[in-house]
Amino acid sequence: MTALTDALPSLSAHRNRLAAIPMRQMFADDPERFATFSATAGSLFLDYSKTRIDRAALEALVNVADAGGVEAGRDAMFAGREINATERRAVLHKALRAAPGDHFETAGRDILPEVFQTRERMLAFAERVRSGDVAGVGGPFTDIVNIGIGGSDLGPAMSAIALRPYLDGPRLHFVSNVDGADITDTLAGLDASRTLFLVASKTFTTLETMTNAATARRWVVERLGEGAVGRHFAAMSTALGAVARFGISEDRTFGFWDWVGGRYSLWSSIGLPVAIGIGAARFNEFLAGARLIDRHFQDAPLARNLPVLMALIGVWHRDVWAFPALAVLPYEQRLRRFAAYLQQLDMESNGKRVRLSGELISEPTGPIVFGEPGTNGQHAFYQLLHQGTEIVPCEFLVGASDHEGLDEHHTQLVANCLAQSEALMRGKNRHEVETELRATGMDPDAIASLAPHKVFPGDRPSITIVYPKLTPSVLGQLIALYEHRVFVQGLLWGLNSFDQWGVELGKQLAAGLVGAVRSGRPPDDRDGSTAGLVGVIARMREGG
Ligand code: F6P
């Protein structure tokens, strides 16, 4: 049992009470609603007034955070305790964005000297690549190809797109999929003599990354000879021995530590491609942005703590209202990979069914996360958000200003973002639909048959996060906000947000199937479907 499971009956009573009050009425009854149900941290403004919550329900939720040991859990994490119990590791990615004067230790060891030293080396290398001091055999690098997957890809790839206005170094490319199409399409047109490969892998054993790195190595050797490998590769990993065996020298290897989870590693050497793209100073602004939210998370009272509030809204929706999914909807084209990034952060962290103690969790845990940038998503899946049978809580993100100075575009973008959350909240009832149709001169029979299709139920919850502009600092703040939110939700569910055993079985079975797929001989130790599919694929291959 957790504080959350204990509180579910009383939280459900709040839900039943609030289910009878339309959100429109809540706004009409309380002019202070927006002020009451909004909060700030750093440059971020969170509006959660368009959720089905009132002061009493919020108080009950904050009490759950209090009784659920959120503060103690947070402090244990920051203190470097082994909170990732199944992997026997501390969780200290916050140390990667620390500033001089901060203190982080684990197992009695001060870890910041090593962190600062590695950061300095990594940033110095980034600057030397940018200046052309570190160059390929054909001259300064024009293209950087990051080879990694999961946490060694999603964070840097998402950030490289998000920070496009700040990219003033070589072009950045990201290869992740073991599907040969990924590396083939990426390398097409690149000049090997001016391309630098960054092999990013915490373990340096990940199948996709090792396969792609070997292909990249061959590509370089075929064009430039074996001797060029040293100049055209660098690595970011905790497995220094494996990196050396691949042939990458120590001065081109940037380490990190086992207390950095893969999906939290963007702040470590894994951020190297981003640092090469935006430069050391801006990379430091990015880290400083995240640190700002770390401090807020540590210092702000629970009821005004942004990650805590978002986590409480998360469990409110998931466990009390039983909403299965979460739509992340940035009205920011450059956050087009943000939902993909959050899928790993949230679903790999909290997509679990046992508590730390090993007992089965009785309530629903991590939601199905998906999303696309607005306004594109409006023309695709928003139909379901507005009128579908499932209620999907939405999280809108929008900048007050753009980088482009295209005011008309930005005005339209912001208006659309605000309109969507308004539409989800207020809906359109039968009476409003009929009045609208009558005003068009439609005859009563036609109105009667069309009206049900045009009704919007409304009362669909959303939150909106507003920031001034998508700068490196703001991006750092947003990512840290979501990291801590995921952590708090994991705490409330009593699970370990930092392991990922659920990805292992598929990997294990794939390894055993490689021989069968290669030979085309259906395995006799697998089920009928798997063996049958091996056969079908082999026959299709033979047929060309
Ligand atoms: O998918 C499982 C996983 O272990 C992720 O947690 C991790 O981010 C990814 O694989 C890549 O791992 P590595 O950085 O060790 O190559």
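The values are calculated or read from the model by the stated rules, or taken from the named source; none is laboratory data. Because the structure is predicted, anything quoted here is derived from the model rather than measured. Virtual Cβ from ideal backbone geometry, glycine too; neighbours counted across all protein chains shown. Note: areas computed on protein heavy atoms with side chains; ligands, DNA, RNA excluded. Shrake-Rupley method; radii C 1.70, N 1.55, O 1.52, S 1.80 Å.
Within the range 382-398, being buried (at least 16 other Cβ atoms within 10 Å of the Cβ) and not acidic (Asp, Glu) holds for Tyr382, Leu385, His386, Ile391, Val392, Pro393, Cys394, Phe396, Leu397, Val398.
Restricting Ser462, Ser497 to residues that are under 15 Å from the mean Cα position of the chain (by Cα) and either modelled with pLDDT of 95 or more or within 14 Å of the ligand (Cβ to nearest atom) (or both) narrows the list to Ser497. Scan the range 187-213 for residues that are on the phi > 0 side of the Ramachandran plot and either in contact with a Gly (Cβ under 7 Å, 6 or more places away or on another chain) or more than 16 Å from the ligand (Cβ to nearest atom) (or both) and jot them down. Hit for the range 187-213 is Gly189, nothing else.
Out of curiosity, is Ala322 open to solvent by 20 Å² or more (accessible area, probe 1.4 Å), out of contact with any helix residue (DSSP H, G or I) (no Cβ under 9 Å at 6 or more places or on another chain), more than 16 Å from the ligand (Cβ to nearest atom) and over 20 Å from Val134 (Cβ atoms)?
Answer is yes for this residue.
Scanning the range 245-266 for residues that are on the phi < 0 side of the Ramachandran plot and away from the ligand (no atom under 14 Å from the Cβ) returns Arg245, Ile248, Ser249, Glu250, Asp251, Arg252, Thr253, Trp259.
If you check Gly506 against the conditions, is it over 30 Å from Glu363 (Cα atoms) and surrounded by fewer than 16 Cβ atoms within 10 Å (Cβ to Cβ)? When the stated conditions are applied, Gly506 does not pass them. Could you tell me whether Phe116 is buried (at least 21 other Cβ atoms within 10 Å of the Cβ), assigned to a helix (DSSP H, G or I) and more than 16 Å from the ligand (Cβ to nearest atom)? When the stated conditions are applied, Phe116 does not pass them. For the range 528-540, the condition holds for no residue, the condition being that it is among the charged types (D, E, K, R) and touching a residue at least 24 places away in the same chain (Cβ under 8 Å). Tell me, which residue of the range 465-494 that is of a type in the set (Phe, Trp, Tyr) and within 16 Å of the chain's Cα centre (by Cα) is surrounded by the fewest Cβ atoms within 10 Å (Cβ to Cβ)? Among residues in the range 465-494 that are of a type in the set (Phe, Trp, Tyr) and within 16 Å of the chain's Cα centre (by Cα), the one surrounded by the fewest Cβ atoms within 10 Å (Cβ to Cβ) is Tyr482. Exactly one residue out of Ala76, Ala65, Ala19 is free of Cβ contacts under 8 Å to residues at least 60 places away in the same chain and either under 17 Å from Val488 (Cα atoms) or open to solvent by 70 Å² or more (accessible area, probe 1.4 Å) (or both), and it is Ala76. The single residue among Ile293, Ile313 that is away from the ligand (no atom under 16 Å from the Cβ), part of a helix (DSSP H, G or I), under 30 Å from Gly388 (Cβ atoms) and in contact (Cβ under 8 Å) with a residue 60 or more places away in the chain turns out to be Ile313. For the range 119-136, give me each residue that is of a type in the set (A, V, I, L, M) and either assigned to a strand (DSSP E or B) or open to solvent by less than 20 Å² (accessible area, probe 1.4 Å) (or both). Those that are of a type in the set (A, V, I, L, M) and either assigned to a strand (DSSP E or B) or open to solvent by less than 20 Å² (accessible area, probe 1.4 Å) (or both): Met122, Leu123, Ala126, Val129, Val134, Ala135. Looking at the range 348-356, is at least one residue within 12 Å of the chain's Cα centre (by Cα), within 15 Å of the ligand (Cβ to nearest atom) and under 24 Å from Trp267 (Cβ atoms)? Yes; the residues of the range 348-356 include at least one that is within 12 Å of the chain's Cα centre (by Cα), within 15 Å of the ligand (Cβ to nearest atom) and under 24 Å from Trp267 (Cβ atoms). Under the condition of being touching a helix residue (DSSP H, G or I) at 6+ places or on another chain (Cβ under 6 Å) and within 9 Å of the ligand (Cβ to nearest atom), which residue from the range 137-154 is most open to solvent (accessible area, probe 1.4 Å)? Ranking the qualifying residues of the range 137-154, first place goes to Ile149.
For the range 399-407, does any single residue satisfy the condition of being among the hydrophobic types (A, V, I, L, M, F, W, C) and open to solvent by less than 50 Å² (accessible area, probe 1.4 Å)? No: the range 399-407 contains no residue that is among the hydrophobic types (A, V, I, L, M, F, W, C) and open to solvent by less than 50 Å² (accessible area, probe 1.4 Å). The residue list Ala228, Ala234, Ala242, Ala216 contains one member that is surrounded by fewer than 20 Cβ atoms within 10 Å (Cβ to Cβ), within 16 Å of the ligand (Cβ to nearest atom) and not acidic (Asp, Glu), which is Ala242. Scanning the range 470-528 for residues that are among the polar types (S, T, N, Q) and assigned to a helix (DSSP H, G or I) gives Ser473, Gln477, Gln489, Gln508, Ser519. Within the range 356-365, the set of residues being in contact (Cβ under 8 Å) with a residue 12 or more places away in the chain and open to solvent by 20 Å² or more (accessible area, probe 1.4 Å) comprises Leu356, Ser357, Ile361, Ser362, Pro364. Within the range 277-284, one or more residues are open to solvent by 30 Å² or more (accessible area, probe 1.4 Å), over 30 Å from Asp47 (Cα atoms) and not acidic (Asp, Glu). Could you please give the count of residues in the range 6-50 that are more than 23 Å from Pro468 (Cα to Cα) and not charged (D, E, K, R)? Total satisfying the criteria: 20.
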